[in-house]
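Here is the structure we will look at, set down as structure tokens.
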């Protein structure tokens with residue numbers, strides 16, 4: 001597993017990380033033993049970056065990670081997020097409430113100071129007001145957080161966050177089905193030494209290449225209840241693309257696959273070919289999926305010709321189907 005530097009923090013993180021939303025049982029119930037198996041397998045495979053949030057299972061994901069990490073002498077980098085719990089969202093934001101939420105996260109994770117705390121898709125008006133970023137800068141100086149970043153939904157939000165000289169990272173939607181960041185964000189992020197953390201690298205599973213139109217999802221799975229944006233931003237589920245259409249587009253993308261390569265390999269390797277990306281946080285509901293995802297770190301870069309073909313495919317066949325903006 002190759003390591004990359006996370007922005008100006010200087011932290012080394014695995015280029016394939018583990019997204020831990022599923023450990024809050026938000027994709028269906030996962031037993032404690034399975035959760036520990038996922039975390040341990042990831043660690044054994046060289047994954048040193050774990051991403052969670054206080055709202056994943058109302059703290060369950062953080063609690064599971066906190067209990068698990070106590071068994072290891074060398075602790076990986078653990079990032080969490082703040083801004084979407086019921087005490088804050090949508091209009092309870094203050095420096096005191098942010099600090100309290102982060103302190104609760106630190107307690108669940110079993111640390112005195114958080115490695116990386118990220119604003120968690122806070123409302124646009126709250127973000128653009130600017131105070132919340134200043135609060136994060138203050139909390140970093142106070143020592144509650146070592147570094148801070150922001151998880152955002154839209155590129156204009158990411159560009160705004162880059163104006164903070166203290167910002168370490170940006171967590172964004174970026175994949176073969178959402179490519180605009182390559183030209184609109186990455187040059188500015190590189191200039192400001194901001195690391196990019198990629199979420200939804202497989203577009204909620206569409207780019208795994210295994211989805212069918214007949215596939216159903218559990219009631220508690222956001223791919224069921226949020227596929228049209230009923231619970232939160234539509235782009236967070238299937239990249240904002242209507243599910244059945246997304247299945248068709250994934251099948252079309254397979255026509256571009258080099259011989260011997262599967263779609264999941266291409267999807268993850270395509271992201272890693274962008275040097276501004278620090279880590280790709282791929283969620284896994286079973287240990288075997290972790291093993292599948294980490295393979296991408298050892299694959300050779302895709303050819304320039306294939307990158308050009310994928311860019312054309314995105315512009316002509318995918319981009320105009322994305323709902324919720326980019």
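Please work out if residue 308 is surrounded by fewer than 20 Cβ atoms within 10 Å (Cβ to Cβ), modelled with pLDDT of 95 or more, touching a helix residue (DSSP H, G or I) at 6+ places or on another chain (Cβ under 9 Å) and part of a helix (DSSP H, G or I). Taking the combined requirement at face value, the residue does not satisfy it.
Residue check: is residue 288 surrounded by fewer than 15 Cβ atoms within 10 Å (Cβ to Cβ), assigned to a helix (DSSP H, G or I) and either under 18 Å from the mean Cα position of the chain (by Cα) or free of Cβ contacts under 8 Å to residues at least 24 places away in the same chain (or both)? Considered against the rule, which asks whether it is surrounded by fewer than 15 Cβ atoms within 10 Å (Cβ to Cβ), assigned to a helix (DSSP H, G or I) and either under 18 Å from the mean Cα position of the chain (by Cα) or free of Cβ contacts under 8 Å to residues at least 24 places away in the same chain (or both), residue 288 comes out as yes. Please verify whether the range 81-88 includes one or more residues that are within 18 Å of residue 195 (Cβ to Cβ), within 22 Å of the chain's Cα centre (by Cα), touching a residue at least 24 places away in the same chain (Cβ under 8 Å) and crowded, with 19+ Cβ neighbours inside 10 Å. Yes, the range 81-88 has at least one match.
Can you go through 167, 202, 245 and tell me which one is crowded, with 23+ Cβ neighbours inside 10 Å, under 25 Å from residue 263 (Cβ atoms) and touching a residue at least 40 places away in the same chain (Cβ under 8 Å)? So that I can check it myself, show each step before the final result.
Values: 167 fails: under 25 Å from residue 263 (Cβ atoms); 245 fails: crowded, with 23+ Cβ neighbours inside 10 Å.
Going through 167, 202, 245 in turn, the sole match is 202.
Would you point out the residue of the range 89-104, among those that are in contact with a helix residue (DSSP H, G or I) (Cβ under 6 Å, 6 or more places away or on another chain) and buried (at least 19 other Cβ atoms within 10 Å of the Cβ), that is nearest to residue 148 (Cα to Cα)? Within the range 89-104, the match that is nearest to residue 148 (Cα to Cα) is 98.
Residue 317 - would you say it is surrounded by 14 or more Cβ atoms within 10 Å (Cβ to Cβ), farther than 25 Å from residue 27 by Cβ, touching a helix residue (DSSP H, G or I) at 6+ places or on another chain (Cβ under 7 Å) and at pLDDT 95 or above? Break it down stepwise before answering.
Values: surrounded by 14 or more Cβ atoms within 10 Å (Cβ to Cβ): yes; farther than 25 Å from residue 27 by Cβ: yes; touching a helix residue (DSSP H, G or I) at 6+ places or on another chain (Cβ under 7 Å): yes; at pLDDT 95 or above: yes.
So residue 317 fits the description; yes.
For the range 187-276, give me every one of the helices (runs of 4 or more DSSP H) that falls completely inside it and has 3 or more residues that are over 20 Å from residue 156 (Cα atoms), under 18 Å from the mean Cα position of the chain (by Cα) and modelled with pLDDT of 95 or more.
Numbers: elements: 222-225, 243-253, 263-272.
Counting at least 3 such residues, we get 263-272.
If you go through the range 90-138 and keep only what is farther than 24 Å from residue 50 by Cα, within 22 Å of the chain's Cα centre (by Cα) and part of a loop (DSSP other than H, G, I, E, B), you end up with 90, 123.
The values are calculated or read from the model by the stated rules, or taken from the named source; none is laboratory data. Note that the structure is a prediction, hence the values are computed from the model and not measured. Heads up, the Cβs are rebuilt from the backbone with ideal geometry, glycines too, and the neighbour counts pull from every protein chain shown.
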